[in-house]
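The values are calculated or read from the model by the stated rules, or taken from the named source; none is laboratory data. Fair warning: this is a prediction, and the values are worked out from it, not measured in the lab. Reconstructed Cβ throughout: ideal geometry from the backbone, glycine too, with neighbour counts over all protein chains shown.
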């Protein structure tokens with residue numbers, strides 16, 4: 001029998017712990033909410049960049065399985081959004097080991113609600129698990145089916161959830177206005 005797997009988004013404060021909501025889609029926005037609808041869009045800045053609040057996504061696995069491991073994540077190699085010069089969808093990365101953020105290092109997204117989030121790599125307000133790494137963030141377009149991001153190499157032998165992928169949208173002053181098209185981000189893992 002195979003495991004049942006779902007994607008979750010985590011929001012809210014570190015203590016007593018974030019809220020995990022099962023999702024089938026996500027929307028980048030300028031608030032710490034998993035389902036903003038059309039609220040809190042990312043405004044195009046007059047200069048420089050605006051950022052979404054970062055998103056914490058993980059997979060939850062239940063059901064009957066012997067082991068799940070080698071959890072990876074990727075896109076199709078192109079995010080077809082018009083985010084402007086040097087705009088991108090980005091993911092937090094580590095210098096060595098798994099790139100996924102453990103529950104114990106979860107950090108609530110923050111910024112100026114309705115305007116911009118703090119960049120993951122910001123030396124003061126960035127994500128503590130990534131901001132002191134060498135690269136800190138990478139464009140998600142670097143990760144494809146032939147070169148997926150290694151999220152979590154833990155051997156899971158009972159129901160639970162993986163480490164988190166931490167994502168953020170970076171928008172430049174020459175970005176295009178309006179809602180962007182849907183993009184697919186894919187999780188893969190080994191299971192016995």
- Output the qualifying pairs, or none if there are none: Cβ atoms under 6 angstrom, residues six or more apart or on different chains, first residue in region 78-89 and within 10 Å of residue 175 (Cβ to Cβ), second residue surrounded by fewer than 18 Cβ atoms within 10 Å (Cβ to Cβ). 81/180; 82/176; 84/174; 85/174
- Message: Among the residues in region 54-64, are any within 17 Å of the chain's Cα centre (by Cα), at pLDDT 95 or above and either over 19 Å from residue 149 (Cβ atoms) or outside any strand (DSSP E or B) (or both)?
- Response: yes
- Selection from region 157-192 of residues over 13 Å from the mean Cα position of the chain (by Cα), under 25 Å from residue 108 (Cβ atoms) and in a strand (DSSP E or B) yields 160, 161, 171
- So which of 37, 17 is within 30 Å of residue 86 (Cβ to Cβ), surrounded by fewer than 21 Cβ atoms within 10 Å (Cβ to Cβ) and modelled with pLDDT under 95? 37
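Listed here are the residues, each with its yes/no results for (1) closer than 25 Å to residue 119 by Cβ; (2) in contact with a helix residue (DSSP H, G or I) (Cβ under 6 Å, 6 or more places away or on another chain); (3) surrounded by 14 or more Cβ atoms within 10 Å (Cβ to Cβ); (4) modelled with pLDDT of 95 or more.
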position: 141; (1), (2), (3), (4): yes, no, yes, yes
position: 155; (1), (2), (3), (4): no, no, no, yes
position: 163; (1), (2), (3), (4): yes, no, yes, yes
position: 172; (1), (2), (3), (4): yes, no, yes, yes
position: 175; (1), (2), (3), (4): yes, no, yes, yes
position: 189; (1), (2), (3), (4): no, no, yes, yes
- Single condition residue 70 does not satisfy, out of (1) over 17 Å from residue 186 (Cα atoms); (2) touching a residue at least 60 places away in the same chain (Cβ under 8 Å); (3) surrounded by 13 or more Cβ atoms within 10 Å (Cβ to Cβ): (1)
- Counting just the residues of region 86-136 that are touching a helix residue (DSSP H, G or I) at 6+ places or on another chain (Cβ under 8 Å) and within 23 Å of residue 185 (Cβ to Cβ), which one comes out surrounded by the most Cβ atoms within 10 Å (Cβ to Cβ)? 91
- Item | Subset of region 104-124 (residues that are in contact (Cβ under 8 Å) with a residue 24 or more places away in the chain and either within 16 Å of residue 12 (Cα to Cα) or not in a loop (DSSP other than H, G, I, E, B) (or both)) | 105, 106, 107, 108, 109, 110, 111, 112, 113, 116, 117, 118
- Quick one: how many residues across region 12-33 are part of a loop (DSSP other than H, G, I, E, B), within 23 Å of residue 181 (Cα to Cα) and in contact with a strand residue (DSSP E or B) (Cβ under 7 Å, 6 or more places away or on another chain)? 5
- What number goes with the only condition from (1) buried (at least 16 other Cβ atoms within 10 Å of the Cβ); (2) assigned to a strand (DSSP E or B) that residue 6 does not pass? (1)
- Only one of (1) at pLDDT 95 or above; (2) within 14 Å of residue 167 (Cβ to Cβ); (3) assigned to a loop (DSSP other than H, G, I, E, B) fails for residue 46. Which number is that? (2)
